[in-house]
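Undergrad: Pasting in a structure now, in structure tokens, and then I'll have a few things to ask.
The values are calculated or read from the model by the stated rules, or taken from the named source; none is laboratory data. Since the structure is predicted, the reported quantities are computational estimates derived from the model, not experimental observations. With ideal geometry, Cβ positions are generated from the backbone for all residues, glycine too; neighbour counts draw on all protein chains shown.
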Amino acid sequence: PTIRREDYRPPAFLVDQVDLHLALHPTATRVKAKLALRRNPAAAPAADLELDGEALTLLAARLDGAPLGADRLAHLPGGGLRVADVPAAFTLETEVGISPEANSELSGLYLSGGNYFTQCEAEGFRRITYFPDRPDVMARYTTTLEADRAACPVLLSNGNPDGAGELPDGRHWARWVDPHPKPSYLFAVVAGDLVAMRDRFTTRSGRKVALGIYVRKGDEDACGHAMDSLKRSMAWDEDTYGLEYDLDVFNIAAVSDFNMGAMENKGLNVFNTKYILARPETATDADYEGIETVVAHEYFHNWTGNRVTCRDWFQLSLKEGLTVFRDQHFSADQGSAAVKRIGDVRRLRAAQFPEDAGPMAHPVRPDSYVEINNFYTATVYQKGAEVVRMMRRLIGEANFRKGMDLYIARHDNQAVTIEDFVRAMQDASGTDLSRFARWYAQAGTPALRVRDAFDKASGRYTLTLAQSTPPTPGQPEKQPVPIPVAMGLIGPDGAELPGAGLLLLEEAEQGFTFEGLPAKPVPSLLRGYSAPVKLSGLSLEQLGFLAAHDTDPFVRWDSAQQYATAEMLRLVEEVRSQKPLALPEGLAAIFGAALDRAMEDPAFAAEALVLPSEDFVADQMAVADPEAIHAMRQFLRGALGTRFSPRLAALHGALEETGPYRIDGASIGRRALRNASLAYLARAEGAAGAEGLARAEQQFEAGRNMTDVLAALRVLADSDSPARQAALDAFHGKWRHDDLVLDKWFAIQASAARPDALEAVRALARHPDFDLRNPNRARSLIGAFAAGNPARFHDASGDGYRFLAEMVIALDAVNTQVAARLVSPLGLWKRQDAARGALMRAGLERILARPGLSKGTYEKVSKSLAA
Ligand code: ARG
Ligand code: ZN
């Protein structure tokens, strides 16, 4: 059953008040719900009330206090409930039974390590009680929890605490009142044997907020970075948008079984432990950065998502795109904005571009879906953030802030649409954004081509920009979109010339002229990556020039990447025609220049040294060749390591850390540069390579933080070093009791591109520490292999595809959301040659043939086959 955006109808009934009572029990939790309902004056009149429900056992129902008999109640297909013939306003009481223990889907109320957690977005609340489970029904909630005191000393829900007490038989209760109306997807309960790290925050208008991060005993010491990130986020939202927190408590609970990263439930965020827990010995720099970003993201949702929410799930990017934009901006403000931007663009290209070019391509605001959980995508999140960023660039920072103020003033406590957001920006800025809104409606990544011409006699320089967007499933024809191109002109001597600014390409093709130039400049385009498009048309020579001279760090980095990509594509062809490979001198020069300047900005240098990934190179080819791409990239890494081994060794030595572990941007940058140097050195030929591996062994043993230890282990795991297996065994022995570290151990082996990788992965799937039911663990093995080891996943035998198909089938019976997510790599069969494509399709067919397949996995697989 496909749900279509155009079919939206307002809800027939509204809920003003929800009183919930949950008596928690692992297999027999009882949920009593008392709903104050009334007919929606804005909807077509309906005699019957229909409520969503799933996996609920109805125990009792009363309407205005009178028991409802079977004559008034009907169970709907899918699990919902119909109450016949209801008055205009009434109270409905239901009591249902649910089994948290049986809930392996991790949606609704479930158990993790003996503790209770909920996940209600998008449609999990219906697995807790009967309810109009849609975001445009906003109600006030009072929640009373009751549980065994010994098993569940902690009882948490949304809002502010409102009493607690003892009950007979060792049980106790606690009540929570949330004064803010909210949609059901923001409901949350956490109960169990948890301990809190506590702190306080005073808002600028003087509200004292009690902060708590709840974790399992023994993890209290690992919450400091999350707490610090939370307080900085709260201050940043006040400073940047004037938005203050609006309850007396803000709680976070961390859980090790979680389908996604985290969830912004009102006043009670629930997090994957991966985005809370960090100690220098167990968390990498990337983990620390992830925590900061996700804590900020969920906190920022309090206004962009919770106070102003989505009318329906097609509007998901209204809250997600905007909130990703806000968390990116926050993180950029915490350290180096350029390095942060490079990382964000890298992720966009790695995850969103393939989605836009694949069978699941959809607009930022989708038009239809079968399973909404399949649309929590890089397009809705990351491309959605890019669209907000472009809008801000078009109307300017000050107008954007005015637009945010207007958006919130107009729509506080409402469930609204993306059009409402765009309208606020338009009204606040006086800029017509109607054409710009096409970005929300059109799928596919626009290609931007540039040509230029210079007339020496008149000094006139002309830039011609042309755009086109390739067709995507269901959208054969595309219109031009307004593309903001932030640019500058660089003179032959490397100096910036007048003429820098913002060009707006609104048509399929437009020319822009610049007068009075002394010589032909090189155009620096898409500064700061001002639009999520694929730029082409610059020559190798121009790219090399920009990599050396541009004043914009993003363009400097990106030009070097584009240069490397062009050379890598050429080398792939040489591998295919079995020519001997030589290190391209231009590329070596760019690499050498990056090394020369490395200590000026180590974080930037670390980004500059990384070659475009195998997948990125594959994306640029009409037909990928994973073997040739892998051989080419390995060759280049080795050749660069060999050529520059003295300087790489010197950097690795000079950047050794002696002081305490610090997580500021500069320290993270130095570690990144040091470990990038080590990775190249270890691939060098001869004595230099042996020296690199010896250093990796030494760093693995003596490393004082997980960043360095893991970087060394990755080098060893990717090598034929005799120390390889011993290092992996030692790491497992040391960390087998720490789930998050063990995930890294699985992932490192799954993504090591050794010829025996698939055998290793199959063996790891039978390892006693492997657990398909834990999403982090499933992703760390299956996801790391299928999405992070292209050379082995695409083994010509098709064994990699078979493995993924088997795993998806097994997972679909346990957790359909995780299964549907992990199937994605099989969908990109069009990129591969005919033989691989057929094997990939065979994997998809095998999944599709599975009786009882979930609708989520069905949607992904069937769309992948149809494309
Ligand atoms: N709203 C959450 C976030 O962006 C994501 C939760 C999505 N969960 C899901 N099961 N689809 O922070
Ligand atoms: Zn979000």
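Undergrad: Can you find even one residue in the range 373-382 that is at positive phi, surrounded by 23 or more Cβ atoms within 10 Å (Cβ to Cβ) and of a type outside the set (A, V, I, L, M)?
TA: no
Undergrad: Quick one: how many residues across the range 257-266 are in contact (Cβ under 8 Å) with a residue 60 or more places away in the chain, of a type outside the set (Phe, Trp, Tyr) and either in contact with a strand residue (DSSP E or B) (Cβ under 6 Å, 6 or more places away or on another chain) or within 13 Å of ligand 2 (Cβ to nearest atom) (or both)?
TA: Within the range 257-266, residues that are in contact (Cβ under 8 Å) with a residue 60 or more places away in the chain, of a type outside the set (Phe, Trp, Tyr) and either in contact with a strand residue (DSSP E or B) (Cβ under 6 Å, 6 or more places away or on another chain) or within 13 Å of ligand 2 (Cβ to nearest atom) (or both) number 6.
Undergrad: Being surrounded by 23 or more Cβ atoms within 10 Å (Cβ to Cβ), within 14 Å of ligand 2 (Cβ to nearest atom), touching a residue at least 12 places away in the same chain (Cβ under 8 Å) and over 25 Å from residue 603 (Cβ atoms), is that true of even one residue in the range 277-298?
TA: So far as the range 277-298 goes, yes, one or more of its residues are surrounded by 23 or more Cβ atoms within 10 Å (Cβ to Cβ), within 14 Å of ligand 2 (Cβ to nearest atom), touching a residue at least 12 places away in the same chain (Cβ under 8 Å) and over 25 Å from residue 603 (Cβ atoms).
Undergrad: Which residues, counting only those in the range 681-699, are under 20 Å from residue 286 (Cα atoms) and crowded, with 24+ Cβ neighbours inside 10 Å?
TA: Matches in the range 681-699: 696 only.
Undergrad: Can you name the strands (runs of 3 or more DSSP E) wholly within the range 140-184 that have at least 2 residues being among the hydrophobic types (A, V, I, L, M, F, W, C)?
TA: Qualifying strands (runs of 3 or more DSSP E): 154-157, 171-182.
Undergrad: Going through the range 277-295 one residue at a time, which ones are closer than 17 Å to residue 657 by Cβ and touching a His at 6+ places or on another chain (Cβ under 7 Å)?
TA: 288
Undergrad: To continue, here is another question. In the range 63-115, what residues are closer than 30 Å to residue 772 by Cβ and of a type in the set (A, V, I, L, M, F, W, C)?
TA: 96, 98, 102, 106, 109, 111
Undergrad: Let me ask something else about it. Using the structure shown, decide if residue 330 is aromatic (Phe, Trp, Tyr), surrounded by fewer than 24 Cβ atoms within 10 Å (Cβ to Cβ), within 14 Å of ligand 2 (Cβ to nearest atom) and modelled with pLDDT of 95 or more.
TA: yes
Undergrad: From the residues in the range 541-554 that are under 16 Å from residue 605 (Cβ atoms) and of a type in the set (A, V, I, L, M, F, W, C), which one is farthest from the chain's Cα centre (by Cα)?
TA: 548
Undergrad: To continue, here is another question. Return the only residue of 36, 44, 60 being in a loop (DSSP other than H, G, I, E, B), over 35 Å from the mean Cα position of the chain (by Cα) and surrounded by fewer than 17 Cβ atoms within 10 Å (Cβ to Cβ).
TA: 44
Here is a yes/no grid of residues against (1) farther than 16 Å from residue 269 by Cβ; (2) in contact with a Phe, Trp or Tyr (Cβ under 9 Å, 6 or more places away or on another chain); (3) modelled with pLDDT of 95 or more; (4) exposed (fewer than 14 other Cβ atoms within 10 Å of the Cβ):
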{"site": "205", "(1), (2), (3), (4)": "yes, no, yes, yes"}
{"site": "208", "(1), (2), (3), (4)": "yes, yes, yes, yes"}
{"site": "216", "(1), (2), (3), (4)": "yes, no, yes, no"}
{"site": "220", "(1), (2), (3), (4)": "yes, no, yes, no"}
{"site": "225", "(1), (2), (3), (4)": "no, yes, yes, no"}
{"site": "233", "(1), (2), (3), (4)": "no, yes, yes, no"}
{"site": "236", "(1), (2), (3), (4)": "yes, yes, yes, no"}
{"site": "239", "(1), (2), (3), (4)": "yes, no, yes, yes"}
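Undergrad: Please determine whether any residue of the range 567-578 is on the phi > 0 side of the Ramachandran plot and crowded, with 21+ Cβ neighbours inside 10 Å. Outline the logic, then answer.
TA: If we filter the range 567-578 for residues that are on the phi > 0 side of the Ramachandran plot, which is where we start, we get 578.
When the remaining residues are screened for being crowded, with 21+ Cβ neighbours inside 10 Å, the result is none.
Checked the range 567-578: no residue is on the phi > 0 side of the Ramachandran plot and crowded, with 21+ Cβ neighbours inside 10 Å.
Undergrad: In the set 861, 818, which member is crowded, with 22+ Cβ neighbours inside 10 Å, over 24 Å from residue 347 (Cβ atoms) and of a type in the set (Val, Ile, Thr)? Show your work before the answer.
TA: On the way: 818 fails: over 24 Å from residue 347 (Cβ atoms).
861 is the lone residue from the list that is crowded, with 22+ Cβ neighbours inside 10 Å, over 24 Å from residue 347 (Cβ atoms) and of a type in the set (Val, Ile, Thr).
Undergrad: Quick one: how many residues across the range 361-413 are over 27 Å from residue 485 (Cα atoms) and either outside any helix (DSSP H, G or I) or in contact with a strand residue (DSSP E or B) (Cβ under 9 Å, 6 or more places away or on another chain) (or both)?
TA: Number satisfying all stated conditions: 13.
Undergrad: Continuing with this model, one more query. Is there a residue in the range 127-143 that is at pLDDT 95 or above and within 16 Å of ligand 2 (Cβ to nearest atom)?
TA: yes
Undergrad: While we're here: Taking residue 763 as meeting all but one of (1) of a type in the set (Gly, Ala, Ser); (2) crowded, with 19+ Cβ neighbours inside 10 Å; (3) more than 25 Å from the chain's Cα centre (by Cα), write down the number of the exception.
TA: Exception for residue 763: condition (2).
Undergrad: Filter the range 109-131 for residues that are part of a strand (DSSP E or B) and more than 11 Å from ligand 1 (Cβ to nearest atom) and give the result.
TA: 109, 110, 111, 112, 115, 116, 117, 118, 131
Undergrad: As an exercise: evaluate residue 542 against (1) more than 23 Å from residue 386 (Cβ to Cβ); (2) crowded, with 17+ Cβ neighbours inside 10 Å; (3) in contact with a Leu (Cβ under 9 Å, 6 or more places away or on another chain) and give the number of the one condition it does not meet.
TA: Answer for residue 542: the failing condition is (3).
Undergrad: Same structure again: Please go through the range 305-315 and give me each residue that is more than 9 Å from ligand 2 (Cβ to nearest atom) and closer than 23 Å to residue 252 by Cβ, ordered by number. Show your work before the answer.
TA: Initial filter on the range 305-315 (more than 9 Å from ligand 2 (Cβ to nearest atom)): 306-315.
Answer for the range 305-315, where residues must be more than 9 Å from ligand 2 (Cβ to nearest atom) and closer than 23 Å to residue 252 by Cβ: 306, 307, 308, 309, 310.
Undergrad: Hey, which of the helices (runs of 4 or more DSSP H) in the range 529-647, taking only ones fully inside, have at least 2 residues that are touching a Gly at 6+ places or on another chain (Cβ under 9 Å)?
TA: 540-549, 553-576, 585-596, 602-609, 626-643
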